[in-house]
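As structure tokens, the structure follows; a few thoughts come after it.
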Amino acid sequence: MDGILSNPTEWKRPDEIIRLQRLKQKQKALQARMQKPSGETRRTRSSTSADSELDPFSANQKRKNPFSRNEDNIYKKQKQTNPEPTNEDSVFELLSKSTSKEVPVLEAPPAKPVVQRFFINPQQQLVDSTTTLDAEQQQVIPSKNLPIHWSINSRLRIVCKSQIPGNNLRTNQEASGLTSFVRCIGVKDSSPSLDISAGARFYQSTLYWQHPHLPWLTLFPRNAKSNNGMVLGEPERAALAKEWEISFRNLFQLVRARQCPYFYVCANSFTVLFRAAGIGGRVETHALLTPTSRGMRAALKQEKIEFVMPLKKPSDNKQELNRSSELSPMKIHNGSFSNSSEDQQTLTQHDDDDNGEDSDDMEEEKWLASLGVEAEEIKKINYNQIQKQQNRECDDDYSDQSTVLIEGIECQAFFNFLLNAKSTTTRVGRLAGVPPTLLAPVSFVGASLRSLTTRSSKIRQMGEDYHSTELQGVILPHVLPYLCDLLTESKDKFSATLVSVPNTKAFCKVSQKMIDDADKENAATASGDQVLWKENLSDSGLSDHILEAMCRTTKDSVSDMERFIYSKDDGGYTWS
């Protein structure tokens with residue numbers, strides 16, 4: 001290294017280095033050309049020339065002609081378009097020439113029937129969906145009557161191609177609709193001074209009665225998050241309880257007199273549906289309570305209130321359906337029905353019907369003692385058996401299967417039970433001290449007139465425009481048939497979607513189960529009884545068509561539907 005630096009004559013300039021590199025490149029290219037055979041194809045020569053053109057250090061570097069044809073690509077295309085025949089191709093050619101027989105034509109199996117329905121998508125829009133049914137499945141036959149939906153709905157959306165009445169109501173329409181609702185005046189009984197247009201009748205369907213009504217609280221549903229933490233004092237709670245007792249008593253009397261078809265009692269932990277005689281095919285006044293717990297059922301049994309559980313499984317309802325008490329009911333203090341763990345573990349006295357079982361238990365204890373089992377072990381065994389039994393009894397708590405049916409004279413006892421029970425009104429939470437909410441289609445003492453929130457809009461789906469009207473609030477069972485009767489007078493086709501309150505869905509299931517369990521003899525005379533029940537409820541304030549639908553006992557009279565469509569051309573309603 002020191003010799004090179006010391007001798008400047010041996011230094012090389014950059015241009016000399018570049019010249020030497022080019023010379024080496026030429027030598028390598030010449031050696032490669034000499035080593036290749038003389039019979040090289042045109043394709044190889046073209047690739048060599050291309051390599052030389054791409055070499056930046058080549059001596060004879062020329063600019064590439066952009067308009068020249070690439071012989072290499074032409075050769076590849078010709079090879080792909082004209083492939084050489086292979087043995088497989090020749091074999092297939094021979095087979096095709098040798099086959100002289102005609103191939104039999106096989107007929108395709110018949111196509112499955114296709115049924116077109118209109119449904120509403122999760123965005124509440126009208127969608128035309130096509131579903132293929134099996135050959136054995138029968139086509140859905142439209143029904144002329146819309147089933148009753150006994151659950152309370154919180155939202156209803158109606159979609160139609162034409163405009164739906166109820167938008168931009170005039171003053172006389174609102175006044176006439178309000179007067180017709182308060183006075184229970186139908187279209188046939190209306191006076192010439194009342195407006196019976198579609199807008200007035202639509203506004204009439206959006207009204208209902210409620211007690212109590214506190215503007216700063218949302219009393220239905222009871223678990224609304226909008227309720228603030230305002231604490232009521234003892235004077236306010238006593239005043240609310242007194243007014244509620246008067247309203248509840250008056251409303252129950254209206255149901256017993258068949259001047260109110262039904263009403264709801266909505267508490268924090270349960271909901272009660274009272275229905276008059278004749279509704280749902282029942283010959284007496286009855287009540288549906290859902291959901292229930294073991295503590296609540298024990299409280300009813302301690303008050304000697306008989307009930308049945310229609311939705312309970314047959315294999316597990318031996319004691320419940322016999323209207324008997326549970327083996328170890330809990331103590332109920334001061335008319336309350338709590339279901340705490342301490343109450344569940346408390347052992348109480350047995351009924352008179354269980355004396356035989358008590359003697360059997362005593363014999364089992366004596367038998368275990370004769371075998372030398374200690375008394376503490378016997379107590380543990382008995383305690384474990386009681387715990388297992390209580391767990392079986394609590395399996396259906398707070399579910400649809402825990403729904404209770406109370407009928408006849410027991411309904412009066414159940415009314416007194418709710419009126420006097422302290423646990424009916426909660427003492428903790430956002431609604432502490434506020435009594436349960438009463439909802440009814442007719443007026444009663446202390447009731448406040450409330451209306452649904454209506455919102456109309458336009459939607460576009462599948463290139464077509466639709467009108468949509470949405471109702472929000474407390475949508476009682478009579479609202480839907482009333483609106484459908486109104487729309488069928490002027491609309492050939494419309495659809496609707498329902499959103500039910502989860503705590504009230506069991507009412508539809510129980511109503512349908514009671515109709516299915518009716519005797520065949522009663523079903524034979526159902527048509528005559530239906531007319532009688534409707535006439536007895538003629539003073540209830542609802543139209544004859546709605547009362548007829550509520551008293552109907554056919555299989556399609558009650559349904560827990562989520563959406564339905566009406567088509568005049570198809571002949572009625574279809575739902576799912």
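Scan region 294-305 for residues that are in a loop (DSSP other than H, G, I, E, B) and either more than 14 Å from Asn416 (Cβ to Cβ) or of a type in the set (Val, Ile, Thr) (or both) and jot them down. Spell out the reasoning first.
Residues of region 294-305 in a loop (DSSP other than H, G, I, E, B): 303-305.
Passing the criteria: only Ile305.
State all residues of region 444-463 that are open to solvent by less than 50 Å² (accessible area, probe 1.4 Å), of a type in the set (A, V, I, L, M, F, W, C) and over 28 Å from His211 (Cα atoms); if no residue qualifies, say none.
Ile459, the sole residue that qualifies.
Among the candidates Arg222, Arg258, Arg249, Arg201, which residue alone is in a loop (DSSP other than H, G, I, E, B), out of contact with any Cys (no Cβ under 8 Å at 6 or more places or on another chain) and touching a residue at least 24 places away in the same chain (Cβ under 8 Å)?
The unique qualifying residue is Arg258.
Quickly run through region 281-295 and pick out the residues that are open to solvent by 10 Å² or more (accessible area, probe 1.4 Å) and within 20 Å of Asn503 (Cα to Cα).
Passing the criteria: only Pro291.
Mind listing just one residue for me: the one in region 276-293 that is touching a helix residue (DSSP H, G or I) at 6+ places or on another chain (Cβ under 7 Å) and part of a strand (DSSP E or B) and, of those, modelled with the lowest pLDDT?
For region 276-293, the residue satisfying everything is Thr290.
Go through (1) in a loop (DSSP other than H, G, I, E, B); (2) at pLDDT 90 or above; (3) exposed (fewer than 11 other Cβ atoms within 10 Å of the Cβ) for Pro235 and report which single condition fails.
Exception for Pro235: condition (1).
Looking at (1) outside any helix (DSSP H, G or I); (2) of a type outside the set (A, V, I, L, M, F, W, C); (3) open to solvent by less than 10 Å² (accessible area, probe 1.4 Å), which is the only condition Ser511 fails?
Tallying (1) outside any helix (DSSP H, G or I); (2) of a type outside the set (A, V, I, L, M, F, W, C); (3) open to solvent by less than 10 Å² (accessible area, probe 1.4 Å), Ser511 fails exactly one: (1).
The values are calculated or read from the model by the stated rules, or taken from the named source; none is laboratory data. Keep in mind it's a predicted model, so treat the numbers as computed, not measured. We place every Cβ from the backbone using ideal geometry, glycine too, and count neighbours over all the protein chains shown. Side chains are part of the model used for accessible areas, which takes the heavy atoms of the whole protein and leaves out ligands, DNA and RNA. Shrake-Rupley method; radii C 1.70, N 1.55, O 1.52, S 1.80 Å.
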